[in-house]
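Reading through the structure tokens given below for one structure.
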Amino acid sequence: MPTNLTVTVQSPEAGLRLDTFLAETVEDASRSFLQKLIKGGKVLINGHPCTKPSRYVSEDEEISLELPDPIPAEPEPENLSIDILYEDEDLVVVNKGPGMVVHPAPGHEKGTLVNALLYHCRGYQQSGGDVKRPGIVHRLDQYTSGVMVAAKTPQAYTSLARQAAEHSFDRRYIALARGEFKESTGCINASLGRSLAEPSRMAVTGINAKEAITHFETLERFGVACLVRLRLETGRTHQIRVHLRFAGHPILGDPVYGETRYQSWAIPPETHAILRQLNGQALHAELLGFEHPHTGKRMSFSAEPPEDFFNALQALRLLQ
């Protein structure tokens, strides 16, 4: 049965193209998929059909759309470029790039990390878990980059999934955030659930809110922004992105919860131009630690942030 979704355009999102706004609002839906819905008359603005993906949205406009049921299908192997950090008979560790979806979903039936792993890892289809997301025990948002682990056997899947559920993974992120934290270190303890006003988003004390704890450490300060390291004690959907917004320091480049317009910032035009080139939220999973499911050995892997993150960081450093 189709799903009906209604969202309201917030101030930071005003001026975005309709297809861009929906791509950043509807989880796991590609822009091309959403463009087809728009052109097919499945998207309403304030109750009236809009068939132009390029139409700009305005603050407080109500956008409604009808999402069709996903087509059940097993993902197929695809020869996609992925950065494999480590691999053995039990598991594979990758550095996921920004923009890659972890597993197939409506509008993302192909081109996902699962499709790539099915090609690169022999027998991966039998690695355990959901048939549409074999081996996947945790995930990163589409535009969040960084370290992920996937199981290659049912036994490894059981062990890694248990560790993820028990929050025993060591997960460390870095992010570029608006403004500066007063404290050098601290903890954000605020339960998260589905937003009452915008069910496609997460919110503090939302529907069926669950405990969410994020520890932060300020690494560098730039006046208008800061570089922070974050450690997850829990692993809720969009946890870091929502927590930093709740703390008053939204992540740069995040079109849903964060900061995407920098016109009011007192920064040089060249800095503004570089920040506008961020490919989604400036959030990177720099380290992942876990217990090897076969040997029991504690393992840890790290990866450098992608080019757009690094360029933005370098531009902010020049402001000092």
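None of the figures in this text is laboratory data; all of them are computed from the coordinates on show. What you see is a predicted model, and the numbers here were worked out from it, not measured in a lab. All Cβ positions, glycine included, derive from the backbone under ideal geometry; neighbour counts span all protein chains shown.
Overall shape: oblate for the chain, with the ratio a/c of the largest to smallest alpha carbon gyration tensor axis at 1.5 or above and b/c at least equal to a/b.
Need one number: % antiparallel among DSSP beta bridges in the range 187-320, to the nearest 5.
Details: 20 of 21 bridges.
Bridges in the range 187-320 that DSSP calls antiparallel: roughly 95 percent.
Here's how it looks for C187: its modeled amide H is under 5 Å from those of F216, which are all 5 or more places away or on a different chain. The distance linking the range 65-138 with the range 204-233 is 28 Å (Cα centroid to Cα centroid, whole angstrom). If only the Cβ of Lys and Arg carry +1 and only the Cβ of Asp and Glu carry -1, the dipole of the chain around its Cα centre is close to 220 debye. In straight-distance terms, cross-link reach from K132 covers every one of the lysines whose alpha-carbon lies under 25 Å from its own, apart from those fewer than eight places away in the same chain; here that gives K36, K96, K110, K152.
Sites listed here are trypsin sites (Lys or Arg not before Pro) in the range 159-257 whose DSSP assignment is loop and whose Cβ has at most 13 other Cβ atoms within 10 Å: K182. Neighbour counts of other Cβ atoms within 10 Å put V57, V94 in the fewest-to-most order V57, V94. Computed from phi, the 3J(HN,Hα) profile of the range 289-305 under the Karplus parametrisation 6.51, -1.76, 1.60 (θ = phi - 60°) reads x, 7, 8, 4, x, 9, 8, x, 6, 6, 10, 9, 9, 9, 8, 6, x Hz, with x in place of Gly and Pro. For the range 176-301, the gyration tensor built on C-alpha atoms gives an oblate shape. Its axis ratio a/c (a ≥ b ≥ c) is at least 1.5, and a/b is not larger than b/c. Rounded to the nearest 20, the size of the Cβ-charge dipole of the range 173-320 about its Cα centre is 320 debye, with Lys and Arg at +1 and Asp and Glu at -1. Here the translational diffusion coefficient of the range 83-166 follows from Stokes-Einstein with Rh set to the Kirkwood radius across Cα pairs; for 4 °C and 1.567 mPa s it amounts to 103 µm²/s.
What percent does the relative contact order of the chain come to when contacts are Cα pairs within less than 8 Å and at least six residues apart?
Working: 727 pairs, mean separation 49.2, N = 320.
Answer for the chain is 15 percent.
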